[in-house]
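Heads up, the thing below is written out as structure tokens.
The values are calculated or read from the model by the stated rules, or taken from the named source; none is laboratory data. These numbers come from a predicted model, not from an experiment. Please note: Cβ atoms are built from the backbone with ideal geometry, for glycine as well, and neighbour counts cover all protein chains shown.
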């Protein structure tokens, strides 16, 4: 079994695309080999704690693990940023991490979840932050491996800022002394607290959209759709936390979680419920706004069609009037044209009453046509 696990970890390490870079926390002399400056440092921070206080900052994964070998009661907190498969493979071998969880951490794009592999917890969280300039929500993925004496965090985006979480815990040694559960609580608390500005930003956007809808902004439909997608994605990030915290709470007694941490995690759970309720309200509100917008657009289209119809009717009336007068004027023109032809054998040319007859005929036909068009409302 051990041989198969080592073989799988070796295969996982072979997926790397380039050698593992030199890891260092503090400024160091330039390395003799070139450094890929396009890629940030893999290890963001690597600390060893004893009784809640930092006692060492090793410059490698193996270095921090040696401190645990010397004293298993210490806590190693290792923060990684977009590590390569080989780098996670080394960690998996050092800390006996579950292979399936390591594969998830490599691939990323995971849903928020909480899984227990023996004595190791694997947690996936989705952080969110609101970008004021772009008026959109940016999501970040965070993976946590938690054991009795280690906490490994793997970030695939800029958020959340775990350096603030680390500084907070280091300022409270009594809390950090409680072990990896304290790290889990602090990160959950930071992720959930980060949702508050997102909720506020989305609320502001929805208020603006309501104004744009009644103002008739032509681009509001697209903005409603985009904001609805952000709200749905935010809901997918926040809603699973309810189940995650419920699973953690269910294991309080079994795994002997400290009572103070229990109360802290219950507080986080309350905040999650509040966030999920607000997000669900946003989703329903956007659905109603979309319905109202569709109704208003239909009303505006109906008004435009009515105006076009009225204009078409008015044009038809004008055409009828023009056609009626053209017909009235055509009758005398026809008579005059016929008798204006220069042919000698036209019978009426030698008739003494021919001219008065032609005039009477032209007037009579015109009057008759006028009466007919008048009765039909064309004139």
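When you check residue 130 against the structure, is it closer than 28 Å to residue 249 by Cβ, crowded, with 18+ Cβ neighbours inside 10 Å and in contact with a strand residue (DSSP E or B) (Cβ under 8 Å, 6 or more places away or on another chain), yes or no?
Spelling it out, it is not the case that residue 130 is closer than 28 Å to residue 249 by Cβ, crowded, with 18+ Cβ neighbours inside 10 Å and in contact with a strand residue (DSSP E or B) (Cβ under 8 Å, 6 or more places away or on another chain).
Which numbered condition in (1) outside any helix (DSSP H, G or I); (2) under 15 Å from the mean Cα position of the chain (by Cα) is the only one that residue 226 fails?
(1)
Would you call residue 163 part of a helix (DSSP H, G or I), over 20 Å from the mean Cα position of the chain (by Cα) and more than 13 Å from residue 128 (Cβ to Cβ)?
yes
Quick one: is residue 206 part of a helix (DSSP H, G or I), touching a residue at least 12 places away in the same chain (Cβ under 8 Å) and out of contact with any strand residue (DSSP E or B) (no Cβ under 8 Å at 6 or more places or on another chain)?
yes
Take the conditions at pLDDT below 90, over 28 Å from residue 83 (Cα atoms) and outside any helix (DSSP H, G or I) and apply them to residue 218. Does it pass?
Criteria met by residue 218.
In the range 268-291, which residues are in contact with a helix residue (DSSP H, G or I) (Cβ under 8 Å, 6 or more places away or on another chain) and closer than 20 Å to residue 123 by Cα?
Residues satisfying the conditions are 268, 269, 271, 272, 273, 275, 276.
Among (1) buried (at least 21 other Cβ atoms within 10 Å of the Cβ); (2) out of contact with any strand residue (DSSP E or B) (no Cβ under 9 Å at 6 or more places or on another chain); (3) under 26 Å from residue 50 (Cβ atoms), where does residue 192 come up short?
(3)
Could you list, in sequence order, the residues of the range 245-259 that are in contact with a helix residue (DSSP H, G or I) (Cβ under 8 Å, 6 or more places away or on another chain) and assigned to a helix (DSSP H, G or I)?
Passing the criteria: 245, 246, 248, 249.
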